[in-house]
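Student: Sending over a structure as structure tokens; questions will come in a sec.
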Amino acid sequence: MQRILQPGEIEALDGISFPRIILPQPAMLFQDRAARLLQLAEGNPIADYLRFTAQLVLAQQQVCKDLPTPKPLSKTSIEQANANGMPLLSKAEALPSTWPQTLRRLVDTLIATHQQSTAEKPSALPPSLIPALQQLHAKNDEALIALAKQVLADNVGRDELATAPIVMASLQVQFAHIAAHIPEQAVPYAEPAAICPICGSAPVASVLRIGARVAGHRYLHCSLCCSEWHMVRVKCSHCESTKGISYQGIQGQEGKTDSQGKEVKDQVVLAETCDECHTYRKLVNQEKSPYAEPLADDLATLMLDLLMGETDFVRASDNPLLLIEKPLAV
Ligand SMILES: [Zn+2]
Ligand SMILES: [Zn+2]
């Protein structure tokens, strides 16, 4: 099927070789993410939540190591996805029947770490969460899969709110593991380009990377399977418009947003706003801080979201590990 090349693809053909897709290396990814969360917790207004998330991410790292090798994708499904510009996986269908065990192992790891905590190494798990974790663990496979589908569809009720980030964390482990085993050349150019070409999820944030092959390139980081895909910086990461992109950050101590000030430009995390679709998504800049990590830095800059709440721009997509109550979809 013939198609018009997009700016990012033309750039890729221009003799400069940089990866279009960065598949996750889950054990390293979760380790780096947990370390970054702990680093960002120092002096942060939501320090307790960041430390809790770091503990959750370390549990993800433990669990991801022993998963069975996923079933390879069929040649037909790869060809169909590529011919139709569709993501490779359908989230609900790609969930393996063994996933409930992954969730229970994540819960076991969290509870064990909590029980083994000492005064020097305290647990960041809120004790009130333990009964909810035990209830989650006790659910049968069918109930857990139904819950996973709700979480994947972003349709979580109030009763499940406390444990939704735990379910999401176990789904991330599962999907990152699947994505890590996908051959890079099988990944399609999905439409719209703002969704993950592997699992179809929205990005949690975008990241300007450093490092030999990827330096200076902007990637969108999947909120579910943790894969990254390239998108040129001139485009809105939500509607792909090239008009009206600007950046806002927190200026000085006053808590004001500013789109142009130098002080703002030097910040690690900026809100990239789009005048066409009136959304914003954060851009995490490793050139300003080499250990910056999209999910961790997004979560740790909740203050920027609060300030953006006073503007006309709405957040394009959520952080999967942040607990937010939303109206139930009917
Ligand atoms: Zn994905
Ligand atoms: Zn836009």
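Student: Using a 1.4 Å probe on the protein heavy atoms, what percent of the accessible area of the chain belongs to carbon and sulfur?
Tutor: Carbon with sulfur: 54 percent of the solvent-accessible area.
Student: What does a probe at ALA83 reach in segment 179-221, counting residues whose amide N is under 18 Å from the point 7 Å along Cα→Cβ?
Tutor: Only 186-191 pass the distance filter.
Student: A follow-up question, please. If we count every other residue with Cβ under 10 angstrom of ILE21's Cβ, Lys/Arg +1 and Asp/Glu -1, where does the sum land?
Tutor: Details: positive: ARG20; negative: GLU184, GLU228.
Surrounding charge for ILE21 is -1.
Student: Using +1 on the beta carbon of Lys and Arg, -1 on that of Asp and Glu, and nothing else charged, what's the dipole of the chain about the Cα centre, debye to 20? Spell out each step's value before the answer.
Tutor: On the way: 29 positive and 36 negative charges, 121 e Å.
Here the chain has a charge dipole of around 580 debye.
Student: Another question, then. Counting only protein chains, not ligands or nucleic acids, how are ASP298, ASP312, ASP318 ordered by accessible area (probe 1.4 Å), most first?
Tutor: Numbers: ASP298 5, ASP312 130, ASP318 60 Å².
I get ASP312, ASP318, ASP298, largest accessible area first.
Student: Based on the mean of other Cβ atoms within 10 Å per residue, sort peptides 219-231, 146-158 so the most packed one is first.
Tutor: Details: 219-231: 25.3, 146-158: 15.8.
Going by the mean number of other Cβ atoms within 10 Å, highest first, we get 219-231, 146-158.
Student: Still on this model: Would you work out which of TYR247, PHE175, SER206 lies farthest towards the positive end of the dipole of the chain, given +1 charges on the beta-carbon of Lys and Arg and -1 on that of Asp and Glu, about the Cα centre?
Tutor: With unit charges placed on the Cβ atoms, the residue in question is PHE175.
Student: What is the sum of charges, Lys and Arg at +1 and Asp and Glu at -1, for the other residues whose Cβ falls under 12 Å from the Cβ of ILE245? Provide the component values of the computation, followed by the final result.
Tutor: Numbers: positive: ARG218, ARG233, LYS235, LYS243, ARG281; negative: GLU240, GLU272, ASP275, GLU276.
Once all neighbours under 12 Å are counted, the net charge is +1.
Student: Counting alpha carbon pairs within less than 8 Å and at least 6 residues apart, what relative contact order, in whole percent, applies to the chain? Numbers along the way, then the final one.
Tutor: On the way: 550 pairs, mean separation 65.9, N = 330.
Relative contact order comes out at 20 percent.
Student: Near GLN31, within a Cβ-to-Cβ distance under 15 Å, what is the net charge of the other residues, with Lys and Arg +1 and Asp and Glu -1? Please list the in-between numbers first.
Tutor: On the way: positive: ARG33, ARG36, LYS65; negative: ASP32, GLU293.
Cβ neighbours under 15 Å give a net charge of +1.
Student: Label ARG158 and ALA27 with points 7 Å out from Cα along Cα→Cβ: what is the distance between them in nm?
Tutor: Here the answer is 4.4 nm between the modelled labels.
Student: Classify the chain from the C-alpha gyration tensor, please: rounded if a/c falls under 1.5, else prolate or oblate depending on whether a/b exceeds b/c. Before the final figure, lay out each step's value.
Tutor: Values: a/c = 1.65, a/b = 1.14, b/c = 1.45.
Oblate, because a/c is 1.5 or more while a/b does not exceed b/c.
Student: Still on this structure, please answer the following. Can you pick out the pairs among LYS243/LYS282; LYS71/LYS235; LYS91/LYS139 whose Cα atoms lie more than 25 Å from each other? Provide the component values of the computation, followed by the final result.
Tutor: Numbers: LYS243/LYS282 17 Å; LYS71/LYS235 35 Å; LYS91/LYS139 21 Å.
Beyond 25 Å between Cα atoms: LYS71/LYS235.
Student: Further question on the same structure: Given the chain, what percent of its DSSP beta bridges are antiparallel, to the nearest 5?
Tutor: The answer is about 80 percent antiparallel.
Student: Give the residue from ASN140, LEU67, SER289 lying farthest towards the positive end of the charge dipole for the chain; charges sit on Cβ (+1 for Lys and Arg, -1 for Asp and Glu) and the dipole is referred to the Cα centre.
Tutor: After comparing all options, I get LEU67.
Student: Another question, then. Based on DSSP H runs of at least 4 residues, each adding -39500 (n - 2.57), what is the mean residue ellipticity at 222 nm of the chain after dividing by all its residues, to the nearest 500 deg cm²/dmol?
Tutor: Working: 12 runs with 129 residues, N = 330.
Per the formula, -11500 deg cm²/dmol.
Student: Can you tell which of LEU89, LEU110, LEU152 lies farthest toward the positive end of the dipole of segment 26-180, using +1 and -1 charges on the Cβ of basic and acidic side chains (Lys, Arg; Asp, Glu)?
Tutor: LEU89
Student: Relative contact order for segment 26-180: what is it in percent, counting Cα pairs under 8 Å that are at least 6 residues apart?
Tutor: Values: 126 pairs, mean separation 45.7, N = 155.
Worked out over segment 26-180, it gives 29 percent.
Student: Something else now. Let me cross-check VAL232: its accessible surface, 1.4 Å probe, with only protein heavy atoms counted, in Å² to the nearest 10?
Tutor: About 20 Å², rounded to the nearest 10.
Student: Is the shape of segment 26-180 rounded, prolate or oblate, going by the alpha carbon gyration tensor and its root eigenvalues a ≥ b ≥ c, with a/c under 1.5 for rounded and a/b larger than b/c for prolate? Don't skip to the end; give the middle numbers.
Tutor: Details: a/c = 2.01, a/b = 1.61, b/c = 1.25.
Judged from the Cα gyration tensor, segment 26-180 comes out prolate (a/c at least 1.5, a/b above b/c).
Student: Can I ask one more? Given H placed 1.01 Å from N in the peptide plane, which residues other than close sequence neighbours of SER123 have an amide H under 5 Å from its amide H?
Tutor: Answer set, sorted by chain and number: THR118.
The values are calculated or read from the model by the stated rules, or taken from the named source; none is laboratory data. Here the structure is a predicted model, which means the values were calculated and not measured. For neighbour counting, all protein chains shown are included, and Cβ atoms are generated from backbone atoms with ideal geometry for every residue, glycine included. Side chains are part of the model used for accessible areas, which takes the heavy atoms of the whole protein and leaves out ligands, DNA and RNA. Shrake-Rupley method; radii C 1.70, N 1.55, O 1.52, S 1.80 Å.
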